[in-house]
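**Student:** First, the structure itself, so that you have it in front of you.
The values are calculated or read from the model by the stated rules, or taken from the named source; none is laboratory data. None of these values were measured; they are calculated from a predicted model. Note that each Cβ is placed from the backbone with ideal geometry, even for glycine, and that neighbours are counted across all protein chains shown.
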Amino acid sequence: MIVLNNLTYRYRKGAEALTDVSASIGPGIHLLLGENGAGKTTLLHVMAGLLYPSSGECLIDGEDASRRLPSELSRMFFLGDNMPFPAKTINEMSRIHAVFYPGFDPVQLQENLKSFGLTGDEPIAKMSLGNRHKSQVAYALALRTDILLLDEPANGLDISAKQALQSMIASNVNEEQTVIISTHTVNDFTNLFDGVIVLSRSHMLMAMNANEITSRVTFTVSSIPAVNPIYGETRINMFHSIVENTDGEDSDIDYILLYNAIMNASSRPRLLQLLNNNDNEQHD
Ligand SMILES: Nc1ncnc2c1ncn2[C@@H]1O[C@H](COP(=O)(O)OP(=O)(O)OP(=O)(O)O)[C@@H](O)[C@H]1O
């Protein structure tokens, strides 16, 4: 469980990147959304213990992330966008680095690499950006850490690699793992998420389980406008809406619609009121 308690982070030469952020994030695959500069990468860095909060705290299973205890570091992996790997190849990386991760599965690594058409022996320095990214994501998933933080994992991947990545995440991640994926391209990962976290302008707008969301609101698509929608958009002559869930039926979350609704100043108050109707920010 990742617990954020009134977490604030201010860069020395910059504005506040996280302001009084609180949430509890449990096992599952969580989508992290927010506009450019919202604070997503900063949040992932704080969770990984790479940045220390200016105030408040980030607890990973009760341990302060900023202490970077070796026992905790071996349970977590952060894959940043364009992160340098200290090895010539992914296979070398697995020999010198994966030893620190007790859950590492070398067979899984080879399977992951194969689904991207890679062997792991390609020199990282000579790989294209997309292929480097593929091999790094394949490696990160095979480490099987309890906490996995992925910053824009689909960046630079071609269409078929994005599809392979989605199936890889679905098949690699088990129920006990907590995976947070920051992305601007939600459609690269359909039907993958157990929860969603939205940051905007350094503030946490929501951190909720998918089933909590669908128990409170319903996502509809119809040829006529919905009655009393919380938020709606017209896409190719169809009305896509978020309405209050009054019949208890689950619907599939349209993450783009949800994000647009929460970023819209008119719909946000009613949406948040419905979503938080028990004032519970639990996200486990
Ligand atoms: N090293 C830094 N020094 C000063 N300010 C920074 C630094 N890194 C980020 N910031 C600022 O902190 C805020 C949050 O940045 P962050 O990179 O966390 O946002 P983000 O949501 O990941 O954005 P993006 O989607 O564009 O990657 C922004 O205002 C950014 O300009």
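**Student:** All but one of (1) touching a helix residue (DSSP H, G or I) at 6+ places or on another chain (Cβ under 8 Å); (2) assigned to a loop (DSSP other than H, G, I, E, B) hold for ALA38; state the number of the condition that does not hold.
**Tutor:** Of everything listed in (1) touching a helix residue (DSSP H, G or I) at 6+ places or on another chain (Cβ under 8 Å); (2) assigned to a loop (DSSP other than H, G, I, E, B), ALA38 misses just condition (1).
**Student:** I'd like the residue in the stretch 52-66 that is closer than 21 Å to GLN177 by Cα and of a type outside the set (Asp, Glu) and, out of all such residues, is surrounded by the fewest Cβ atoms within 10 Å (Cβ to Cβ).
**Tutor:** In this case the residue turns out to be GLY62.
**Student:** Still on this structure, I have one more. Regarding the stretch 14-28, can at least one residue be identified that is within 16 Å of the ligand (Cβ to nearest atom) and free of Cβ contacts under 8 Å to residues at least 12 places away in the same chain? Quick ask: steps written out before the conclusion?
**Tutor:** Taking the stretch 14-28 as the starting set, the residues that turn out to be within 16 Å of the ligand (Cβ to nearest atom) are 14-21, 23.
Right, trim to free of Cβ contacts under 8 Å to residues at least 12 places away in the same chain and you get 14.
For the stretch 14-28, residues within 16 Å of the ligand (Cβ to nearest atom) and free of Cβ contacts under 8 Å to residues at least 12 places away in the same chain: present.
**Student:** I would also like to ask the following. Under the condition of being surrounded by fewer than 17 Cβ atoms within 10 Å (Cβ to Cβ) and within 16 Å of the ligand (Cβ to nearest atom), which residue from the stretch 69-86 is nearest to SER202 (Cα to Cα)?
**Tutor:** ASP81
**Student:** So, in the stretch 202-214, exactly how many residues are assigned to a strand (DSSP E or B) and within 19 Å of ALA265 (Cα to Cα)?
**Tutor:** The qualifying residues number 5.
**Student:** In the stretch 28-49, which residues are touching a strand residue (DSSP E or B) at 6+ places or on another chain (Cβ under 7 Å) and either surrounded by fewer than 19 Cβ atoms within 10 Å (Cβ to Cβ) or hydroxyl-bearing (Ser, Thr, Tyr) (or both)?
**Tutor:** Going residue by residue through the stretch 28-49, those that are touching a strand residue (DSSP E or B) at 6+ places or on another chain (Cβ under 7 Å) are 28-35, 38-44, 46-48.
Matches in the stretch 28-49: GLU35, THR41, THR42.
**Student:** Taking the stretch 42-68 as the region of interest, how many residues are part of a helix (DSSP H, G or I) and either within 14 Å of the ligand (Cβ to nearest atom) or touching a Ser or Thr at 6+ places or on another chain (Cβ under 9 Å) (or both)?
**Tutor:** The total comes to 6.
**Student:** Identify, please: which residue in the stretch 124-146 is at pLDDT 95 or above and out of contact with any helix residue (DSSP H, G or I) (no Cβ under 9 Å at 6 or more places or on another chain) and is, among those, farthest from GLY156 (Cα to Cα)?
**Tutor:** Here the answer is ASP146.
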